[in-house]
Each structure stands twice: as structure tokens, then as C-alpha cells.
Amino acid sequence: MEVILAQNSGFCFGVKRAIEIALNEADKHKNSTKKIFTYGPIIHNDIVISELKSKGIEDYNSINSCPNNSETIVIIRSHGVGPLVYDELKNKNIEVIDATCPFVTKIHELAHEYSKTECTIIIFGDKNHSEVKGIVGWAGNNCHVVASIEDLENLNLKKDSKYVIFSQTTFDVSTFKILVEFLTKNGYNFKVFDTICPSTKLRQDEVFEISRKVSIMLIIGSKNSSNTKKLFNIASANCSKTYLIENLSDLEKINFLDVDIKTSKIGIGAGASAPEKIIQEVVEYVRNEF
Ligand code: SF4
């Protein structure tokens, strides 16, 4: 049995940075009366969330338990937020520490800039994802979110209008190309910014390549994580035995009886919210037990 581990696995630059910022804040204020909250979970990972909790960092949902706003610090996570959230926090006199990933900030700046033009903004992404909600906030009212050709068709785009395109940082690279091709082929007047982040591209490319060569593919990460689900879909298209696992105990529950594990090649990839510790546990288990 051969194990191929994707080199681009686990926490991405933006997630690592946000966690470091949060831990630094906790350290800085450990002897003060200040309360620290994150605006939504900083990462889709229960282990990291528990570690942050043990350092006194709570989720924003519990902010009402804080009696005094001037004693409150809110950390914006790597997904970023729209301008209304900054306004809301400022009005409440709450200190904000901004851990928005710089790749996301770049999209906010573009969206804000183009919201002042005649262009209609089209965002390729999942309209329910927090990152996209934040971008929509900066893009203003003349903005649509699409994830498929069908969504684009439903917009009834006009040949004499101008459009500008951005994408969610974790959008699927091949779907991005398909949507741009559709707009080009139909002769729409648009400018496109490929805002899929480099880390996402590397991860997706690597998982695509590995999943072509193996008979079992494991994707480690949260079932709620957008980039993990994309990796799972990419791998599943090449390898019918692709499994999404959050941790070692998920792997232990899988029945591999119909596969000759000893002669199989097993690929392992991981989303941006998978901690190194869990990746190593899975790799070690596969090497020792399979
Ligand atoms: S996936 Fe990319 S854009 Fe998103 S947090 Fe990580 S590095 Fe930043």
C-alpha cells in the first residue's frame, strides 16, 4: 500500500494568520478585564475552537453576556465581513481587531471600487457563505451571486450592459473557467478578476492530480467547510472511493472490505481548516494499519 499525501494540506496562510492574531490578543489581555469574541467561528474546527475558548476567546453569539462594550474586543475572522458589521461594532464602541485574510480584503476593495461605477457586479460563489455575504456587503445593491451556468442564464444579462466579475476565494477553478467561457461565448461586455486565492488553486490542482492515481482518496476537513467540500467533489469525480473525514474516528468507521488495501494506493488531501495534528494522526494510522 502506498500513501500519497498532498503537500498543500491543512491550515492556509489566512487561517493560520487569523488564529495567531486571536492567540496574540488573548495573550496581550490575559491579565485584563477585557473580553474577546470572534465574529463567527474563526475556523470550522472544534479542536481549535476549544483551544481558543480555553484562552478566553468566545464566539460572538455570546457577546450579550458582556456587560460593558468598552471592555469588549471583537476579532473579524479570515472570511471578512461587510461594512455594516464594522459600523455596528463602531456604534457599540467595541474595539475591532481585523483578521480578514488579505486575499479577501483585496476583493472587498475591488467590490467597493466597482460599486461606484455603472458596472453590475457578478460574484461567482455560494450566496450563503459568510465570505460571499461580506463581499456582497461591499458590492452594494447592483450585485448578483451565481454558482452555475443556470444561475447566469437566470440573470437575463444584457449585451449593452457592463459587468465585472469576482469570485469567492475558494471557488472551484474549473467552474470559474466554464462560467467565464459562457460569458465570452455569448458576447457580454465584462471585466473579470480571478480572485480565487493561490492556496485554493494549489490545493485543488494537487487533489485533482492525486485522485487520478489512487484507488482510495481521503479528504480531511470539516463537513461545513466550503474549501473542503470542493476538494471532496474534485476528488470524487476522479476516484469513486473518496471519503470526507473530520478526524481519525471517522476513518475508523469506514468499511474498506471491498478493496484490497495492501495493494491499493491511497491519496490524502486536507482542507484549510484541518489541523496538522489530525492530518498526521490519519497518515500514521493509514501507514500502520492498512
Ligand atoms: S483560503 Fe485563501 S483567501 Fe481563504 S483564508 Fe485561506 S489564504 Fe485566505
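The values are calculated or read from the model by the stated rules, or taken from the named source; none is laboratory data. In this text, all values refer to a predicted model and were calculated from it rather than measured experimentally. Cβ coordinates were reconstructed from backbone atoms using ideal geometry, including for glycine residues, and neighbour counts include every protein chain displayed.
Only one of the numbered conditions (1) surrounded by fewer than 16 Cβ atoms within 10 Å (Cβ to Cβ); (2) farther than 22 Å from Glu150 by Cα is violated by Lys127, and that is (2).
Screening Thr242 with (1) crowded, with 22+ Cβ neighbours inside 10 Å; (2) touching a residue at least 40 places away in the same chain (Cβ under 8 Å) gives one miss only, at (2).
Applying the criterion of being within 16 Å of the ligand (Cβ to nearest atom) and free of Cβ contacts under 8 Å to residues at least 24 places away in the same chain to the residues of the range 1-60, the residue that is nearest to the chain's Cα centre (by Cα) is Lys16. Looking only at residues of the range 108-118 that are more than 16 Å from the ligand (Cβ to nearest atom) and surrounded by fewer than 20 Cβ atoms within 10 Å (Cβ to Cβ), we find that the one that is farthest from Trp138 (Cα to Cα) is Glu118.
The residues on offer are Pro83, Pro102, and the sole one that is exposed (fewer than 14 other Cβ atoms within 10 Å of the Cβ), in contact (Cβ under 8 Å) with a residue 40 or more places away in the chain and within 29 Å of Pro275 (Cβ to Cβ) is Pro102. For the range 232-265, the set of residues classified as modelled with pLDDT of 95 or more, of a type in the set (A, V, I, L, M) and either in contact with a Lys or Arg (Cβ under 7 Å, 6 or more places away or on another chain) or in the same structural domain as Thr169 (by TED's automatic domain parsing) (or both) consists of Leu244 only.
Among the residues making up the range 161-181, a single one is without any contact (Cβ under 8 Å) to a residue 12 or more places away in the chain and of a type in the set (Lys, Arg): Lys177. I'd like the full set of residues that are under 15 Å from Val192 (Cα atoms) and within 16 Å of the ligand (Cβ to nearest atom), limited to the range 119-143. Those that are under 15 Å from Val192 (Cα atoms) and within 16 Å of the ligand (Cβ to nearest atom): Ile123, Phe124, Gly125.
Of everything in the range 130-145 that's surrounded by 20 or more Cβ atoms within 10 Å (Cβ to Cβ) and β-branched (Val, Ile, Thr), which residue is nearest to the chain's Cα centre (by Cα)? Of everything passing the filter in the range 130-145, Val132 is nearest to the chain's Cα centre (by Cα). Residues of the range 221-231 that are surrounded by fewer than 17 Cβ atoms within 10 Å (Cβ to Cβ) and either under 23 Å from Asn255 (Cβ atoms) or assigned by TED's automatic domain parsing to the domain that holds Val173 (or both): Lys223 alone.
Rundown of residues vs (1) crowded, with 19+ Cβ neighbours inside 10 Å; (2) more than 16 Å from the ligand (Cβ to nearest atom); (3) at pLDDT 95 or above; (4) among the acidic types (Asp, Glu), yes/no style:
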{"residue": "Ser174", "(1), (2), (3), (4)": "no, yes, no, no"}
{"residue": "Gly187", "(1), (2), (3), (4)": "no, yes, yes, no"}
{"residue": "Lys191", "(1), (2), (3), (4)": "no, yes, yes, no"}
{"residue": "Lys201", "(1), (2), (3), (4)": "no, no, no, no"}
{"residue": "Val207", "(1), (2), (3), (4)": "yes, no, yes, no"}
{"residue": "Ile219", "(1), (2), (3), (4)": "yes, no, yes, no"}
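Residues in the range 245-286 that are part of a loop (DSSP other than H, G, I, E, B) and without any contact (Cβ under 8 Å) to a residue 40 or more places away in the chain: 8 in all. Out of Thr72, Thr105, one residue alone is more than 13 Å from the ligand (Cβ to nearest atom) and modelled with pLDDT of 90 or more. It is Thr72.
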